[in-house]
Amino acid sequence: MSGAPPPLIEARGLTVEAPGETPRRRLLDGVDLAVPAGGRLVVMGPNGAGKTVLLRALHGLVPHGGTLLWRGRPAPPGPRRGQALVFQRPVLLRRSVLANLRFALAAAGAPRRVRTPRAEAALGEAGLLHLAHRPAAVLSGGEAQRVALVRALLAAPDLLLLDEPTASLDPEATRAVEALLARAAAAGTALVLVTQDPGQARRLGGEGAILRRGRIAARGPVAALPVGGAWGPLDDGGPAGLGAAP
Amino acid sequence: MWEITVEAIRLIARGDAEVLEIAALSLRVTAASVLASCAIGMPLGAAVGAFAFPGRRAATAALSALMGLPPVVVGLAVYLLLSASGPLHWLDILYSPAAMVLAQTLLVTPLVAALTREVVAGRAAEYRDLFASLRAGPLLRLRALLLDARGALATVALAGFGRAIAEVGAVIVVGGNIAHHTRVMTTAIALETSKGELELALALGLILLGISLGVNAAVMLLRGPSGALAA
Ligand SMILES: Nc1ncnc2c1ncn2[C@@H]1O[C@H](COP(=O)(O)OP(=O)(O)OP(=O)(O)O)[C@@H](O)[C@H]1O
Ligand SMILES: [Mg+2]
């Protein structure tokens, strides 16, 4: 028996096919990755590379081929206990922000009487208490993103999957979200973060991977990855993606 | 014509005991059947709209088809169930308000379920991944979908109310329009008109009209000034 604990989540040859298409088309084509407990992985790549599909597959929202291990065992079907996903487009129920958080706590099995205090505490920590009684439908895009993140953190997941969580945030709100993520990471939550923001990738640090056309095109410590500027240099040596060979 | 109208309004204005009794029974029977229909039809419709299961398309089609049940046929079916030779004769409720509630519930439940399914289906698709991600159980999902659609569901209940209170065919078959017992506005209007008692018929007709308009106005107010469904 080896003494090292297994990765929290590990994919080997992970594939996802476009549903209902013939001939079959692979949205993910043999992705290998591993994230240890408390670790972090920053995923970057051009639009349509398959970043969102990857997060959905890791979470169990889409069927996959290949091997996916969660806590060292084959991942059970469907979203796993201990994981949370912040969607690229936040989905909030048509009710107040507080009621949205209470719903997530109810789904996680929290007893009724602790739901409101815990939801309020989480909003307070995120500096969003002033939104508690706002109907979710009237939130700005950035506010909705942050509420969705607070909701994902409520159940104290071991693995937090984040799909461009600061894409529509102003710089100050971006910092606030990064601070929340840093706090979650410090508390032992592993992060898989998709981002288009090279600065954010560097600030978060850790391992990085660049996804292109459903495959991992480059990986390594974020600081060493060619994440600055255009994706061009990765494109078979072509300049800035334009006119590059397909 | 003019005198009839004046007399009808006078009947209402002085609170004629017979008019009030008939109107009150109408409201009681309708309210009870709409409540029962919502209690059964809303979760049923939401479940068909929210969950993928084998036979879902058939269930959807069945709800739509049942929405158009001819009231008289429903009345006849309930009559046969409740009559002396029917399987439910031991309930002993034929020609009673309870039988009318039963018939109207059968009539209105498919309507409520079909409309609820329509209201819920779009949002259920929008929420599906979120519900899965949060690992929300089926009951929690149903409750959330119904709660989030409450504005639209008020309209659904109203549609059910409108169908039930205006309906004659089923309640006349199973209720029998017995004075002081099962006589409601629609059956009384039908009967009194044919007897030439136009003042009473018109008085009841005006009340029926007022109730319909009033309930509609209440729902408009409920929806707020923008006409948007309550968030
Ligand atoms: N259900 C689906 N059926 C068919 N194609 C799909 C499906 N889901 C995703 N795709 C395709 O898979 C590819 C990858 O999509 P994905 O959403 O993962 O991209 P992404 O890397 O997240 O892009 P972005 O940066 O724009 O968010 C896209 O070409 C998309 O059209
Ligand atoms: Mg994406």
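The values are calculated or read from the model by the stated rules, or taken from the named source; none is laboratory data. Just so we're clear, the structure is a prediction, and the values are computed from it rather than from any experiment. Neighbour counts are summed over all protein chains in view; Cβ atoms, including those assigned to glycine, are modelled from backbone coordinates with ideal geometry. Accessible surface is based on the protein model in full, side chains and every heavy atom, while ligands, DNA and RNA are left aside. Shrake-Rupley method; radii C 1.70, N 1.55, O 1.52, S 1.80 Å.
Distance between the modelled labels on residue A:110 and residue B:51, one decimal in nanometres: 2.7 nm (7 Å Cα→Cβ projection). Counted by Cβ distance under 9 Å from residue B:48, the other residues give a net charge of +2, where Lys and Arg count +1 and Asp and Glu count -1. Between segment B:181-224 and segment B:46-68, the alpha-carbon centres lie 33 Å apart.
Could you work out the mean projected area of the convex hull around the alpha carbons of segment B:2-223, in square nanometres to one decimal?
Values: hull surface 58.1 nm².
Seen from a random direction, the Cα hull of segment B:2-223 projects 14.5 nm² on average.
Ranked highest first by the average count of other Cβ atoms within 10 Å around their residues, in what order do B:108-116, A:45-53 fall? Kindly include the intermediate steps, with their values, before the conclusion.
Working: B:108-116: 26.6, A:45-53: 19.4.
Ranking, from highest mean packing down: B:108-116, A:45-53.
Could you compute how much accessible surface residue A:71 exposes when probed at 1.4 Å, giving the result in Å² to the nearest 10? The accessible area comes out at roughly 110 Å².
For residue A:187 and residue B:128, the FRET efficiency from 1/(1 + (r/R0)^6), where r spans their Cβ atoms and R0 equals 35 Å, is about 0.70. A convex hull fitted to the Cα coordinates of the protein assembly as shown yields 231 cubic angstrom per residue. Sorted largest first by accessible area at a 1.4 angstrom probe radius, with every protein chain in place, the residues B:139, B:153, B:76 fall in the order B:139, B:76, B:153.
Helix content alone sets the calculated 222 nm mean residue ellipticity of chain A: runs of n ≥ 4 DSSP H residues at -39500 (n - 2.57) each, divided across all residues, give -9000 deg cm²/dmol. Along the Cα-to-Cβ line of residue A:167, 7 Å from the Cα, sits a label point; which residues in segment A:34-56 have backbone N less than 18 Å from it? Within reach of a label on residue A:167, which here means backbone N under 18 Å from a point 7 Å along Cα→Cβ, segment A:34-56 contributes A:42-56.
Note on residue B:89 and residue B:195: with the Förster distance fixed at 45 Å, the Cβ-Cβ geometry gives a FRET efficiency of about 0.90. Once you order the gyration tensor axes a ≥ b ≥ c over the Cα atoms, which shape class does segment B:10-123 get: rounded for a/c under 1.5, otherwise prolate or oblate by comparing a/b with b/c? Cα axes put segment B:10-123 in the oblate bin.
As a test of the formula, what do you get for chain B when each DSSP H run with n ≥ 4 contributes -39,500 (n - 2.57) and the sum is divided by the residue count, at 222 nm and rounded to the nearest 500 deg cm²/dmol?
Working: 10 runs with 179 residues, N = 231.
Helices in chain B give a 222 nm mean residue ellipticity of -26000 deg cm²/dmol.
Counting Cβ atoms of other protein chains within 10 Å of each residue's Cβ and taking the mean over peptide A:80-92 gives 2.
Can you give the % of DSSP beta bridges in the protein assembly as shown that are antiparallel, to the nearest 5?
Details: 21 of 38 bridges.
Looking only at bridges with both residues in the protein assembly as shown, the antiparallel portion is about 55 percent.
Comparing mean-square fluctuations of A:63, A:76, A:111 from a GNM of chain A with C-alpha springs under 10 Å, the top value falls on A:111. Full extension of the chain segment joining residue B:69 with residue B:213 gains 49.4 nm, where the gain is 0.36 nm per residue of separation less the Cα-Cα distance. Remark: mean inter-chain Cβ contacts per residue of B:121-134 equal 5, using a 10 Å Cβ-Cβ cutoff to other protein chain atoms.
Taking beta carbons within 10 Å but only from partner chains, what does the mean come to for residues A:56-68? Spell out each step's value before the answer.
Working: counts 2, 0, 0, 3, 2, 4, 1, 0, 0, 0, 0, 0, 0.
For this peptide, the per-residue mean of nearby foreign Cβ atoms is 1.
In the elastic network of chain B, a GNM with C-alpha springs shorter than 10 Å, the most mobile of B:58, B:31, B:201 is B:58.
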